[in-house]
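So the structure is just underneath, and the comments pick up after that.
The values are calculated or read from the model by the stated rules, or taken from the named source; none is laboratory data. This is a predicted model, so every value here is computed, not measured. When we count neighbours, we look across all protein chains shown, and the Cβ atoms used for this are built from the backbone with ideal geometry, even at glycine.
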Amino acid sequence: MTIIFAADLAVPFLVDGSHVAEDFVNLSRSTRALCDFLILHDKIVIPIEDFTVLRTITRSIGADNLILLLKNDRVRFVRTIGTLALSWGDSGAGLMTIHDAQRRVAAYAPMEASIQQSIHSLELPYATSSKLSHIVAERTKEIQTLDLLSEIRSATYADFEKTLMWRDEFRTQYPDLLKMPGDPRNVQIYGPNTPPSRSAATTLLALARSNLEMYLSSREYADALSTTCPIGDSVSLKLANSAVDLTKSGLQNLINLAGVADLTPDVMSDSKIARKFIEVTCSPEAVQFREWFKSQIVTNPEEYTQRYMDIIHKISPLERPMTKIIRFFIFQSLGFIPIIGNVTSAFDTFVLDKLVEGNSPKYFVQNLRNFSGAVKMRRI
């Protein structure tokens, strides 16, 4: 089974509520990422603080389809209670978590209340709303952020020392505190659009969130992590320390490389198409494809990268659609996307002859292409 820890499907919580609008603005991007994850992974684990993502996914594919994904255990949630922050005091600045003691804010409210706050605006029929609330609660695990912070604080400070923002004068006699510039009464959190390189504080918070995501992904036995947090000049550092593959989603890249029509607008506009797409990605052929993908590619990225680089300049470009789509999935597993027009289809010979032993990957790719073609020809 392949599991993606899809941190980028949920916008990080902001106390002022502006993350709700951010989630709505990114509806198309979120839908494309969700479709991509459904193709590449058996289970999608989404870390959240509140349940704003329920509105996003429901608007993307419909409430009944979200219920189907939850029922089939293809989507789960991990809710962290408490917002990661950096606080300044008289002795220095340190990572901490903040809460709402009255638990009125959705991120800190009891689970049932938080779920209801998030789906209330959807105006769903009572039976659908009740069913959705119940199964979301069943598929959600709650963890205190403070407990996670104790696991990642030391590693985060160690990572921070390796960045360009670090200064030796930040060290203090207290292992959990840093003498960083800032107002002694100030508390800062990391927003979804905050550049990590803006300041030393944002760099530290970005690293803390990244470490938090990687630690949680390992706890959930994820094979891949799609992060919500860019980590600037520490990318190579975090890749080296990560126990999982940092892969990027992007159904648009698959469309460009494979000639498969972009299904995002159709999935968003028609819940029946969304349901059929889910069925295609739940088929035995899809499961077999993902098993092949994990065993043949993800477990041997260095071997396949080296062999590819050895032959890439020796083989003429070929334009078979099957080659392009298989090549797309391989590059996805290796964490980068080839530039269209600059990378030859060497994998036509290399992958189809050497890697695709058996027809299961071909069957799924053909099903996906047939489905996208039927959608665009309005046969579905």
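Out of curiosity, is Met180 surrounded by 15 or more Cβ atoms within 10 Å (Cβ to Cβ) and over 27 Å from the mean Cα position of the chain (by Cα)? If you could, list the steps in order and put the result at the bottom.
Details: surrounded by 15 or more Cβ atoms within 10 Å (Cβ to Cβ): yes; over 27 Å from the mean Cα position of the chain (by Cα): yes.
So Met180 fits the description; yes.
Among the residues of segment 49-105, what is the count of those that are part of a strand (DSSP E or B) and either farther than 20 Å from Leu38 by Cα or among the acidic types (Asp, Glu) (or both)? Even if it seems obvious, please write down each step before you answer.
In the first step, residues of segment 49-105 are kept if they are part of a strand (DSSP E or B); the result is 75-81, 83-89, 92-98.
Now drop any that are not either farther than 20 Å from Leu38 by Cα or among the acidic types (Asp, Glu) (or both), which leaves 79-81, 83-89, 92-98.
Looking only at that region, the number is 17.
In segment 106-140, which residues are outside any helix (DSSP H, G or I) and surrounded by 14 or more Cβ atoms within 10 Å (Cβ to Cβ)?
Of the residues in segment 106-140, the ones outside any helix (DSSP H, G or I) are 106-110, 123-125, 139-140.
Those that are outside any helix (DSSP H, G or I) and surrounded by 14 or more Cβ atoms within 10 Å (Cβ to Cβ): Ala106, Ala107, Tyr108, Ala109, Leu124, Arg139, Thr140.
Within segment 187-200, is there a residue that is modelled with pLDDT of 90 or more and either surrounded by 14 or more Cβ atoms within 10 Å (Cβ to Cβ) or assigned to a strand (DSSP E or B) (or both)?
Residues of segment 187-200 modelled with pLDDT of 90 or more: 200.
In the following step, the residues that additionally are either surrounded by 14 or more Cβ atoms within 10 Å (Cβ to Cβ) or assigned to a strand (DSSP E or B) (or both) were identified as 200.
Yes: segment 187-200 contains one or more residues that are modelled with pLDDT of 90 or more and either surrounded by 14 or more Cβ atoms within 10 Å (Cβ to Cβ) or assigned to a strand (DSSP E or B) (or both).
For segment 95-117, check the following and say yes or no: at least one residue is touching a Leu at 6+ places or on another chain (Cβ under 6 Å), farther than 18 Å from Glu151 by Cα and assigned by TED's automatic domain parsing to the domain that holds Leu38.
Taking every residue of segment 95-117 in turn, none turns out to be touching a Leu at 6+ places or on another chain (Cβ under 6 Å), farther than 18 Å from Glu151 by Cα and assigned by TED's automatic domain parsing to the domain that holds Leu38.
Please verify whether segment 209-223 includes one or more residues that are touching a Ser or Thr at 6+ places or on another chain (Cβ under 8 Å), modelled with pLDDT under 65 and assigned to a loop (DSSP other than H, G, I, E, B).
Kept after step one, since they are touching a Ser or Thr at 6+ places or on another chain (Cβ under 8 Å), are these residues of segment 209-223: 209-214, 216, 223.
From what is left, the residues that are modelled with pLDDT under 65 are none.
Within segment 209-223, not a single residue is touching a Ser or Thr at 6+ places or on another chain (Cβ under 8 Å), modelled with pLDDT under 65 and assigned to a loop (DSSP other than H, G, I, E, B).
Scan segment 44-65 and give yes if some residue there is within 14 Å of the chain's Cα centre (by Cα), closer than 12 Å to Thr281 by Cβ, modelled with pLDDT of 90 or more and in the same structural domain as Met214 (by TED's automatic domain parsing), otherwise no. Show your work before the answer.
Our first condition is that a residue be within 14 Å of the chain's Cα centre (by Cα); within segment 44-65, this holds for 44-48, 53, 57.
Keeping just the survivors that are closer than 12 Å to Thr281 by Cβ gives 44.
Okay, now just the ones that are also modelled with pLDDT of 90 or more, so 44.
Filter again for in the same structural domain as Met214 (by TED's automatic domain parsing), leaving 44.
Within segment 44-65, one or more residues are within 14 Å of the chain's Cα centre (by Cα), closer than 12 Å to Thr281 by Cβ, modelled with pLDDT of 90 or more and in the same structural domain as Met214 (by TED's automatic domain parsing).
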